[in-house]
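The structure's right below; bear with me while I get my questions together.
The values are calculated or read from the model by the stated rules, or taken from the named source; none is laboratory data. Here the structure is a predicted model, which means the values were calculated and not measured. Neighbour counts are summed over all protein chains in view; Cβ atoms, including those assigned to glycine, are modelled from backbone coordinates with ideal geometry. Remember, those area values only see protein heavy atoms, side chains included, never the ligands or the DNA or RNA. Shrake-Rupley method; radii C 1.70, N 1.55, O 1.52, S 1.80 Å.
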Amino acid sequence: MPYVYCDPKLCTGCRACELVCSGVHERVFNPRKARIHVVRREPATDFAIACHQCENPPCAAVCPVGAIRKLRSGLVEVDAARCIGCGACVEACPFGAITVVNGKAVKCDLCGGDPACVKQCMPEALKLATPAQVAAGKR
Amino acid sequence: MAFTYKGYAGKYLRVDLTRGKSVELELPKEWARNYIGGSGIGARILYDEVPPEVGPLSPENLLIFATGPITGTVYPPSGRYCVVMRSPLTGIWGEAHSGGHFGPELKYAGYDLIVIQGRASKPVYLWIDEDRIELRDAEKLWGRNVVETTNMLLEELGDPEVRVACIGQAGENLVRFACIMNDYFRAAGRTGAGAVMGSKNLKAIAVRGSKDVEVANFDRVWELTEDAHARYTGGYWGKASHEALYRFGTENLVTWENEIGRLPTKGHSTGVFDYVDEIGPERFEREFIVHRRACMNCRIQCKKVSRVAQGKYEGTVSEGPEYETVVALGSNCLIRDFPAILRANHLCNLYGMDTISCGGTVSFAMECFERGALSESEIGFPLRWGDGDAMVRLVELIARRKGIGEVLADGVRAAARRMGKGSQRWAIHVKGMEVSGQDGRSHQSVGLTHAVAVRGADHLRSLSSLDELDFKPTIIERYGKAKAKAIGDRLSMKYKGILVKDMEDLYAIVDALITCKYGTMWPPIFYLDDYSKLLPAVTGIEEFARIEEVRAAAERIVNLKRAFNARLGLDRKDDTLPDRFLKEPMPRGPGKGKVVDLKPMLDEYYRERGWDVRTGLQKQDTLERLGLADVAEDLAGHGKLAK
């Protein structure tokens, strides 16, 4: 299953992805409502984190109301109607890739397969890639 | 109640440090409509509230942090803010811009501006956590450098995503060209904003916010953003920018400028540096760049993290240096010791000093030493042209105001006045500000730019790359075919008054929005027509869909800043250059034999502006046409309106 992968060698920490993401999903500009987040560590590390669409998603496993499911397509999806905004998924995610916005859990939904953040990543650090592709790129 | 216009937070903060109080106010609608934002709105506030009798370092001087309507939106780049004050370096209009992430965070916290007045009785920092505003004790931070201060604040506030703007020791010591640093290594560099902050006992501002920034027409802004992304990253200019600015940063310019003979070298005595490769972009990339970075939401991405891996300055890790820094601390001091330049750059970052003025001051001191106006015993060591280690030592002395640093920390104009011995001939400044990294003799229009720029010898108010590198299609598009040949000739003074006036208008809008000179200055992609599309979409101010209204706003802003200086007594006699550019012909390179042919350019510029050619003073009808009748009346009261 492909996910939004960030190559830390290329990420410049510009956070365009955060703004594009909050625009696409919320029609406002607010990095704290984005489904992708850039982590900067001084002096020379920048890295964007979005949902890995895990094969065995811990967020889904801990959701007390069954609002998070791994779809047949591979996408890990939050059913906003069921979500109670408890944040159990936030605690379970090892990446910090899921958060609660306006009382509902939100995470990367791959924009239906063509992520807007990837399209506007100037240094091309973001890619839609499967773990196999990421591994191949490292070899 | 929600603010009338979008893009803005609609609120601003007033902080009175003397009384230890802050108040949240609604942004006046007219400020947005007439001055857009950034240093435009800053100009209105400073003109209204800082009369000539208020000295730059007195508590009554204001320190204004301003964002613009696109700050924090998706339209690239949107990570900038500016600082506006009366400058302690020049005594006149002061403004400095910076990128990074601090500006947008202020907007997300719910404020377009912070207007700071007064002086705290002891060191404090301002903590803006959305609606919670606190002035907190900063005794522990005083005496700390920029990195230490930022780290300590992030720890104290317990959140690594808090954004910090602060001063280092240079600001505390009132070094007249101290800057304000944000996000560690981004600098609101010029005109000494850091000294104003230091004089107010304000060590830092920390901000955090989670509010939305909304725009008037989301779909239109989205469409313009996708278009901007494509133009920044693709096509001729996108490719050129990628090869230059993404790869090397502004350091790329070192080679270009040397080729056209305007790389300031040895105290601006020449424009050609024989050892340019030793401080050039290829060496920078090969030996020093370890990571590429960008300010918020940028598509140019010119920032570089550099590291010195060996030798005396091993372990120096910083951001930059920029082109201007490599000139000021490098070629202009005849220095080709790149690690020493990187070290001095880092010291300026840590202490919080403008690298351009600091380097200009070092080269001034070197010339004084070589010509006998400063002795080894006064300095403490020999200060020969080209001695990188001596430069590094001198930068420390300036930041700490120790020894000769006490004199030099006031900038070259004041230092030359104190030192005498004919040293004013080597004080290369305009209106008290050290000259930036250009030379008008081999690029005539930049001579005019340096002479008329509102904050002194400045490249960021009106520098044109169109004639610098003769971009004919763009020149024809903007100024017509008839003038294209003369405008494109960088050695000709012809039509440069028109060119510089137009660039100054464009940058007035750039500095109000606030966006960046990269993408507008070079590559010259975006122009007033683009912002005439963008402004209504972001703000909902429909009048700006007419390009004449955008132009009028630009002229209004330029005139208001000019009026601030006119009221302080400045006129045509101040719009000049050091003799080095007016009387000493360029000795080498493509500009060989040229001096700046200033007078005809200046005459044309004043005519284009609708100002009095003889005095350089503003005229009543010009100001009234721009809706500045109140300013005309005020200037008349001071005897500073053209008769």
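Distance between Cα centroids, the range A:1-51 to the range B:517-543: provide it in whole Å.
26
Then there is this: Per residue of the range B:43-56, what does 6.51 cos²θ - 1.76 cosθ + 1.60 with θ = phi - 60° give for ³J(HN,Hα)? Whole Hz please, x for Gly and Pro, Karplus curve as stated.
5, 4, 5, 5, 4, 6, 10, 10, x, x, 6, 8, x, x
How many Å³ per residue does the convex hull of the Cα positions in the protein assembly as shown occupy?
Values: hull volume 118.9 nm³, N = 782.
Normalising the Cα hull of the protein assembly as shown by residue number yields 152 Å³.
Related question: Extending each Cα 7 Å along its Cβ direction at residue B:385 and residue A:49, get the distance between those two points in nm, one decimal.
Reported label-point gap for residue B:385 and residue A:49 is 5.5 nm.
Give me the dipole magnitude in Debye, nearest 20, for the protein assembly as shown about the Cα centre, with unit charges on the beta carbon: positive for Lys and Arg, negative for Asp and Glu. Don't skip to the answer; put the middle values down first.
Numbers: 107 positive and 101 negative charges, 123 e Å.
Charge dipole of the protein assembly as shown: 600 debye, to the nearest 20.
Taking the Cα centre of the range B:308-384 as origin and charging only Cβ (+1 Lys, Arg; -1 Asp, Glu), how large is the dipole, in debye to the nearest 20? The partial results should precede the final answer.
Details: 5 positive and 10 negative charges, 38 e Å.
Using only the charged Cβ atoms, the result is roughly 180 debye.
Once you average over the residues of B:293-302, how many Cβ atoms of partner chains fall within 10 Å of each Cβ? The partial results should precede the final answer.
Details: counts 8, 9, 4, 8, 11, 5, 6, 2, 6, 1.
Partner Cβ neighbours, averaged per residue: 6.
For residue B:21, list the aspartates and glutamates whose Cα falls under 20 Å from its own Cα; do not include residues on the same chain fewer than 8 positions away.
B:49, B:60, B:112, B:129, B:130, B:131, B:134, B:137, B:139
If you don't mind, another one. Once you treat every alpha carbon in the range B:138-273 as an equal point and sum by Debye, what is log10 I(q)/I(0) at q = 0.09, 0.14, 0.19 Å⁻¹?
These q points yield log10 I(q)/I(0) values of -0.49, -0.95, -1.01.
Next question. Can you tell me how the range B:530-589 classifies by the Cα gyration tensor, rounded, prolate or oblate, using a/c under 1.5 as the rounded cut? Could the numbers behind the result be given before it?
On the way: a/c = 5.17, a/b = 1.98, b/c = 2.61.
Because a/c hits 1.5 or more and a/b fails to exceed b/c, the range B:530-589 counts as oblate.
So what J values fall out for the range B:167-176 if you push phi through Karplus, 6.51 cos²θ - 1.76 cosθ + 1.60 with θ = phi - 60°, rounded to Hz, Gly and Pro as x?
10, x, 5, 4, x, 4, 7, 6, 4, 5
Mind grabbing the interface size between A and B? I mean buried accessible area, both sides, 1.4 Å probe, in Å² to the nearest hundred. Mind showing how you got there, number by number?
On the way: alone 8030 and 21880 Å², together 26880 Å².
Rounded to the nearest hundred, the buried surface is 3000 Å².
Using θ = phi - 60° and the Karplus form 6.51 cos²θ - 1.76 cosθ + 1.60, what ³J(HN,Hα) does each residue of the range A:122-139 get, whole Hz, x for Gly and Pro?
Taking θ as phi minus 60°, the curve returns 4, x, 6, 7, 8, 9, 8, 8, 8, x, 4, 5, 4, 4, 4, x, 7, 7 Hz for the range A:122-139.
Where in the range B:243-262 does the label zone of residue B:277 land, with the point 7 angstrom along Cα→C-beta and an amide N cut-off under 20 Å?
Correct set: B:248, B:251-262.
Treating the range B:11-208 as a set of equal point scatterers at the Cα positions, no solvent, please give the Debye-formula log₁₀ I(q)/I(0) at q = 0.17, 0.18 Å⁻¹.
Listed by q, the Debye log ratios stand at -1.08, -1.24.
Which loop trypsin sites (Lys or Arg not before Pro) in the range B:272-355, with loop taken from DSSP, have no more than 13 other Cβ atoms within 10 angstrom of their Cβ? Could you put the intermediate results ahead of the total?
Details: sites: B:283, B:286, B:292, B:293, B:299, B:303, B:304, B:307, B:312, B:336, B:343; in loops: B:299, B:312, B:336.
Counting only loop positions with at most 13 other Cβ atoms within 10 Å, the trypsin sites (Lys or Arg not before Pro) in the range B:272-355 are B:312.
Based on the Cβ-Cβ distance from residue A:134 to residue A:32, what FRET efficiency comes out when R0 is 30 Å, to the nearest 0.05?
On the way: r = 27 Å, r/R0 = 0.91.
In this case the efficiency is close to 0.65.
Using alpha-carbon pairs under 8 Å, 6+ residues apart, how would you state the relative contact order of chain B in percent? Show your work: numbers first, answer last.
Working: 1563 pairs, mean separation 90.0, N = 643.
This gives 14 percent for chain B.
Here is a further query. When the chain is fully extended, how far beyond the present Cα-Cα distance does residue B:573 get from residue B:588, taking 0.36 nm per residue of separation?
Working: separation 15, 0.36 × 15 = 5.40 nm, distance 2.93 nm.
Between residue B:573 and residue B:588, full extension yields an extra 2.5 nm.
Give the shape of the range A:5-63 as rounded, prolate or oblate, defined through the alpha-carbon gyration tensor: a ≥ b ≥ c are the square roots of its eigenvalues, a/c under 1.5 means rounded, and otherwise the shape is prolate if a/b is larger than b/c and oblate if not. Intermediate values should be presented prior to the final figure.
Details: a/c = 2.38, a/b = 1.20, b/c = 1.98.
Judged from the Cα gyration tensor, the range A:5-63 comes out oblate (a/c at least 1.5, b/c at or above a/b).
Taking amide hydrogens as modeled 1.01 Å from N in the peptide plane, which residues meet the under 5 Å criterion relative to residue B:641, leaving out close sequence neighbours?
Here the answer is B:636, since their amide H atoms fall under 5 Å of that of residue B:641.
OK, next. Pull up all non-local amide H partners of residue B:92: gap of 5 or more, or a different chain, and H-to-H distance under 5 Å with H placed in the peptide plane.
The answer is B:87.
Jot down the radius of gyration and Dmax of chain B, Cα atoms only, both in angstrom.
22.7, 67
Find the centroid of the Cα atoms in the range B:585-609 and in the range B:551-572, then give the distance between the two in whole Å.
Comparing the Cα centres of the range B:585-609 and the range B:551-572, I get a distance of 23 Å.
Regarding the range B:389-470, what whole-number volume in Å³ per residue does the convex hull of its Cα atoms give?
Values: hull volume 9.8 nm³, N = 82.
Each residue corresponds to 120 Å³ of Cα convex hull volume.
Let me ask something additional. With only alpha-carbon atoms in the gyration tensor, what are the semi-axes of the equivalent ellipsoid for the range B:234-427, in Å, largest first?
Working: eigenvalues 182, 61, 42 Å².
Square roots of five times the eigenvalues give 30, 17, 15 Å.
Which of the peptides A:106-116, B:406-416, B:595-605 is most tightly packed, and how do the rest follow, going by the mean number of other Cβ atoms within 10 Å of each residue?
Working: A:106-116: 17.9, B:406-416: 23.4, B:595-605: 20.5.
Sorting A:106-116, B:406-416, B:595-605 by mean packing, highest first, produces B:406-416, B:595-605, A:106-116.
Moving to a separate point now. For chain A, what is the largest minus smallest coordinate of the Cα atoms on each principal axis, given in angstrom and ordered from greatest to least?
So the three principal-axis extents are 40, 34, 28 Å.
Rounded, prolate or oblate: pick one for the range A:56-131, where a ≥ b ≥ c are the square roots of the eigenvalues of its C-alpha gyration tensor, a/c under 1.5 means rounded, and failing that, prolate if a/b is larger than b/c, else oblate. All intermediate terms of the calculation are to be shown ahead of the outcome.
Values: a/c = 1.98, a/b = 1.78, b/c = 1.12.
Prolate, because a/c is 1.5 or more and a/b exceeds b/c.
Another question about this same structure. What percentage of the solvent-accessible surface of the protein assembly as shown, computed with a 1.4 Å probe over protein heavy atoms, is contributed by carbon and sulfur atoms? Intermediate values should be presented prior to the final figure.
On the way: 13120 of 26880 Å².
Carbon plus sulfur share of accessible area: 49 percent.
Please give the peptides A:81-92, B:514-525 ranked by average Cβ packing (other Cβ atoms within 10 Å per residue), highest first, as a rough proxy for protection. Walk me through the intermediate numbers first.
Numbers: A:81-92: 15.3, B:514-525: 22.8.
Descending mean neighbour count gives B:514-525, A:81-92.
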